[in-house]
Structure formats: structure tokens, C-alpha cells
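Written below as C-alpha cells is the structure these notes are about.
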Amino acid sequence: MGIIVEIIDSSDGRYKLVTIGKDPMDIYTFIRLVVSDETLILNFEYNEITVDDLSLGDLVVAYHSDAMTMSIPPQTSAYIIEVK
């Protein structure tokens, strides 16, 4: 669970990278989610939305792969993102 602090395109433009953080002022609480066409994104009423409907400051719950890069912030593939 975290607040969206950044939404950017990947370097090749195939994915969106959505960075969330429990504390928006502490980079060590951030996780960068790799959002693909296979990622299910739901609004607070559980209707499907697109990554373009996400906004900075949205509180989300993300279900993601256990595999992460060792970078800061760690990067992982997102399966489901729910806007709260």
C-alpha cells in the first residue's frame, strides 16, 4: 500500500513505471511498479480503469511479484493495482 509519487514511461515506451511510497518524503519506502497491458487496475468501486486514470497522490494497494531488483527504489512487476 502506498501513495503514487511518480508515473513515467519506461525507456522503450512499452511500460509505465508507477512509483508508490508509504512515506512520500522517504525514498527508502518506495517501490517502482512495472505496469504492463496485463496489469489489472481497479478504481475504488472495483471498475477496471487504465494506467492513464491514475494520478499522483492516489492511495493504492498493489499486488506484485515477489521478485524485485536490488535498486533503490526496488522495481517489480505489478499484477493488480487498486485505487482506494
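The values are calculated or read from the model by the stated rules, or taken from the named source; none is laboratory data. Remember, predicted model here, so these are calculated numbers, not experimental data. Don't worry about glycine lacking a Cβ; one is built from the backbone with ideal geometry, like all the others, and counts go over all protein chains shown. Surface areas here come from the heavy atoms of the whole protein model, side chains and all, with no ligands, DNA or RNA. Shrake-Rupley method; radii C 1.70, N 1.55, O 1.52, S 1.80 Å.
Can you confirm whether residue 9 is over 13 Å from residue 75 (Cβ atoms) and surrounded by fewer than 10 Cβ atoms within 10 Å (Cβ to Cβ)?
Numbers: over 13 Å from residue 75 (Cβ atoms): yes; surrounded by fewer than 10 Cβ atoms within 10 Å (Cβ to Cβ): no.
No, not satisfied.
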Residues being within 21 Å of residue 12 (Cα to Cα), open to solvent by 50 Å² or more (accessible area, probe 1.4 Å) and within 10 Å of the chain's Cα centre (by Cα) - total across the stretch 33-84: 3
Every residue from the stretch 22-55 that is closer than 26 Å to residue 70 by Cβ and touching an Asp or Glu at 6+ places or on another chain (Cβ under 9 Å): 29, 30, 32
